[in-house]
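Here the structure is laid out as structure tokens; the discussion comes afterwards.
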Amino acid sequence: MSTPALGRSRSRAEARLKVTGGARYAYERPLDGIAYGWIVGATVARGTITAIDTEPARSAPGVIDVLTHENAPRLQPDVDSELEALQSPKVAFRGQPVALVVAATLEEAREAARLVEVTYDADEHRVVLREDGPRLYEPDDDLQPSFRGEPEAAWSAAPVSIEASYRTPAEHNNPMEPHATTAVWADGTLTLYDSTQGPSTTRDTIAPLFGLDDDAVRIHNEHVGGGFGSKGTPRINAVLAGQAAKATGRPVKLAVTRQQMFDLTGYRTPTIQTLRLGAERDGRLTSIAHHAIGQTAATPGFLEPTTMPTRVLYAAPHRRSSQQVAALDVPSPSWFRAPGRCPGTFALETAMDELAVACDLDPIELRVRNEPEVDPETGVRFSSRGLVACLREGAERFGWANRDPRPGVRRRGRKLVGTGVASATYPASRSPAEAVARAHPDGRFEVGVGASDIGTGARTVLGQIAADALGVDADLIDVHVGDSALPDGPVAGDSAGTASWGSAVHGACRALREQLPADAPAPSAPVEAVWDTTDEIEAEDDWSRHAFGAHFAEVEVDVDTGEIRVTRLLGVFACGRILNPRTARSQFVGGLTMGIGMALLEETTTDERYGDFLNHDLAQYHVPVNADVLDVQATWIDEDDRHLNPMGSKGIGEIGIVGSPAAIGNAVFHATGARFRELPLRPDRVLQALGAVNP
Ligand code: MOS
């Protein structure tokens, strides 16, 4: 019997390949006769193309073809209209691809793209989200409003009440690897090397779009340089590359530039949120009401579940959560690490801090007093709930005990110092997946699942899961992911990848183990087993399954420049069993770091006049760099939750970002006495607020 692999730190299986440059990404496939694509984007936000002159581009050196709506390969209408590349003269958002130049070199494609002349009949556009509209509606899906009791009456009658409005900006995912595809069309089949978070799901979308059977499309994504949700659905680069390969008969590479990513690969919707909290004087909530407004595209795309954390975090007999969305002339927002739940938690957890001040109560104690017995929305039991344990553990580690609650009284030189706390939660779910496991006569094992390792360590942890299910050493396992020809797996998303793929890998390995001779070290011929988790997931008991966390921040606020430094950031998490501490810590720390970005830096501004995002590169869209990230710590409490999956794990990819913006904002209040209800906490906003507090 080998030492269990799960629960132990293990280096990434592909670490050496990555640091030596041996890992191939989507754009790096060496293929004969390769051609290069370059996207031409619309220069109006809404309208119709009346003329498109491609002759100058076609005459330019090296140009092989120029695809437009007049000549591009036809696609089948899709549920996601944004993928219907070059099918109509209509323009729905600025930057939408209106032509694709294909040339022998990247430089020639780029130069010729400049020569494509497009004439538009432009319509008026609406691109700015406002609480009074236009085009606001209530979505009729699982974001339906949820009511219990009489939230408005209870709020009006409460001895202590809070009402405040919060705003978060649009944010753009900026994974290190921009979106890219290499496409090969041969004998009626399409092969895509694509930078995606899901090979099976990308195939499921791309095949019908091209009118192909599933088995005529193959997606490879062996290595992916990050995604954060922006690669959770296929992007238009995959479609355009496929069209270009089909039209030209050559393999085509297409990279979305960093600037084009701001139009083409999704973003987090801006939000306008209103919180009403009613409480007894001792802090016990009587009423919680949370309303959120977000935006989507004119043809509805993705809608963020902004108010969801409010349905889980605290007890209160009277409650409401509701959402509206505005259909604007913008690209559709999409997944961005902890979609909805992260901006929603910023509003809720800032409001809770405001309530703590109003009740003259320690903010941790306030949260402990509102701990629910069961899921406060559904009445269902929690499979495990570690929020209070995380708050207590964090308080201990962070040194919360002697905190002076008065705001604006601590200084280090010119800097005001404060600390803040916020809770976090994220669902612990899993989706159906299939996996294969194979034993070889040489004593080694292979497992395969249509998973994606987008830099998280998924490949590594799946090997650990397989090793323990087989009862062998993890070094004996070869893991195959990143290929749609493998058994189907869901997307690397919603913090559910490891739980979903891992359940299937576990099942396949258990089944394989039963087929192997108990007394022999290896079979005389390869033995294989497959497993599909659909039935076991359908048979699950009803539990409310969520991860929890507590975030603690210490900030210094420069009273002269308005600059905020996060001097300490601590996250304590209750995420079931931690399967690989090294890669888990890296996920948590990454989430916390992204929370610093959300709190202080990240913001995409809409240009009302021209209808697109004004700042669309890393010079103007700021993410935290090393100098912004000081002392960031992640730790966890042990949980033994038998109601999740065979590994006992909860997702860890997103909860790290969920509470950190509110914890940082609450620390800034504690430092300065100024309450910030709009992100990011820019120096100009800080200076203005400090002027108001200390005129
Ligand atoms: Mo995550 S935003 O579900 O990839």
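Just the number, please: carbon plus sulfur as a percent of the accessible area of region 1-107, 1.4 Å probe, no ligands or DNA/RNA counted.
Values: 2710 of 5340 Å².
That fraction is 51 percent.
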**Request:** Can you tell me which of 513-524, 537-548, 140-151 comes out highest on packing, and rank the rest after it, using the mean Cβ neighbours within 10 Å?
**Result:** 537-548, 140-151, 513-524
**Asked** Counting only DSSP beta bridges with both residues in the chain, what percent are antiparallel, rounded to the nearest 5?
**Response** 75
**Asked** With each pseudo-label sitting 7 Å past Cα toward Cβ, what's the Glu540-Asp519 distance in nm, one decimal?
**Response** 4.2
**Fill in**
Of every hundred units of 1.4 Å-probe accessible area on region 221-332, the number belonging to carbon and sulfur atoms, as a percent, is 52
**Message:** How large are Rg and Dmax for region 44-173 when calculated on the C-alpha trace, in angstrom?
**Reply:** 23.4, 76
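Starting from the eigenvalues of the Cα gyration tensor, five times each then square-rooted, give me the equivalent ellipsoid semi-axes of the chain, largest first, whole Å. Intermediate results must be reported in sequence, preceding the final value.
Values: eigenvalues 334, 242, 99 Å².
Equivalent-ellipsoid dimensions as semi-axes: 41, 35, 22 Å.
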**Asked** Rounded to the nearest whole Å², what accessible area per residue is found for the chain with the 1.4 Å probe?
**Response** 38
**Message:** Using alpha carbons only, how many angstrom separate the centre of region 327-348 from the centre of region 177-202?
**Reply:** 27
**Message:** Using a 7 Å offset from the Cα along the Cα-to-Cβ direction at both Lys90 and Glu563, what is the distance between the two label points in nm, to one decimal?
**Reply:** 4.9
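Arg74 to Ala627: extension gain in nm, 0.36 nm per residue of separation minus the Cα-Cα distance? Write down the numbers at each step before the final one.
Numbers: separation 553, 0.36 × 553 = 199.08 nm, distance 4.89 nm.
Additional length available on full extension: 194.2 nm.
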**Request:** Could you tell me which of Ser384, Phe398, Asn370 has its Cα farthest along the dipole of region 369-416 towards the positive end, charges placed at Cβ (Lys, Arg +1; Asp, Glu -1), taken about the Cα centre?
**Result:** Phe398
**Asked** Order of 499-506, 406-413, 62-69, 123-130 by packing, highest average Cβ count within 10 Å first?
**Response** 499-506, 62-69, 123-130, 406-413
**Asked** Rg and Dmax of region 187-296, Cα atoms, in Å?
**Response** 21.1, 73
**Asked** What are the radius of gyration and Dmax of region 254-340, computed over its Cα atoms and given in Å?
**Response** 16.8, 60
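About the Cα centre of region 25-70, how large is the charge dipole given +1 on each Lys and Arg Cβ and -1 on each Asp and Glu Cβ? Please answer in debye to the nearest 20. Could the numbers behind the result be given before it?
Working: 3 positive and 6 negative charges, 37 e Å.
Around 180 debye, computed over region 25-70.
How large is the Rg to Rh ratio of region 544-644 when both quantities use alpha carbon positions and Rh follows Kirkwood? Walk me through the intermediate numbers first.
Working: Rg = 17.5 Å, Rh = 16.0 Å.
Taking Rh as the inverse mean 1/r over Cα pairs, Rg/Rh reads 1.09.
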**Message:** What does the net charge come to around Leu328 if you take all other residues with beta carbon closer than 15 Å to its beta carbon, with K and R at +1 and D and E at -1?
**Reply:** -4
**Prompt:** Between Glu280 and Arg414, what FRET efficiency comes out of the Förster formula 1/(1 + (r/R0)^6) with R0 = 41 Å and r the beta carbon distance, rounded to 0.05?
**Reply:** 0.50
**Item:** Rounded Å value of the spacing that divides the Cα centres of region 1-62 and region 255-270
**Value:** 14
**Request:** Quote the relative contact order of the chain in percent (integer), defining contacts as alpha-carbon pairs under 8 Å separated by 6+ residues.
**Result:** 17
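Which order do the peptides 580-592, 261-273 take when ranked by the mean count of other beta-carbon atoms within 10 Å per residue, highest first?
Values: 580-592: 21.8, 261-273: 25.5.
Descending packing order for the listed peptides: 261-273, 580-592.
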**Prompt:** Using unit Cβ charges (K, R positive; D, E negative) and no other charged atoms, how large, in debye to the nearest 20, is the dipole of region 1-78 about its Cα centre?
**Reply:** 820
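Let me spell out the model: positive unit charges on the Cβ of Lys and Arg, negative unit charges on the Cβ of Asp and Glu, origin at the Cα centre of region 307-380. What dipole size does that give, in debye rounded to 20? Intermediate values should be presented prior to the final figure.
Working: 7 positive and 11 negative charges, 67 e Å.
It comes to approximately 320 debye.
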**Asked** Between Arg114 and Glu377, what is the spin-label point distance in nm, taking each point 7 Å from the Cα along the Cα→C-beta axis?
**Response** 5.2
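To the nearest 0.05, what FRET efficiency results for Asp204 and Ala157 with a Förster distance of 51 Å applied to their C-beta separation?
The pair Asp204/Ala157 has a calculated efficiency of 0.50.
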**Asked** For region 386-541, what % of the accessible area comes from carbon and sulfur atoms, probe 1.4 Å?
**Response** 48
**Prompt:** Taking a spot 7 Å from the Cα of Arg8 along the direction of its beta carbon, which residues of region 460-482 have an amide N less than 20 Å from it?
**Reply:** 460-479
**Complete:** Subtracting the Cα-Cα distance of Ala619 and Thr605 from 0.36 nm times their residue separation yields 3.7 nm
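The values are calculated or read from the model by the stated rules, or taken from the named source; none is laboratory data. Predicted model only: the values in this text are computed from it and were never measured. Here the Cβ is made from the backbone with ideal geometry for all residues, glycine too, and neighbour counts use every protein chain on show. Heads up: the accessible areas ignore ligands, DNA and RNA and are worked out on the full protein's heavy atoms, side chains in. Shrake-Rupley method; radii C 1.70, N 1.55, O 1.52, S 1.80 Å.
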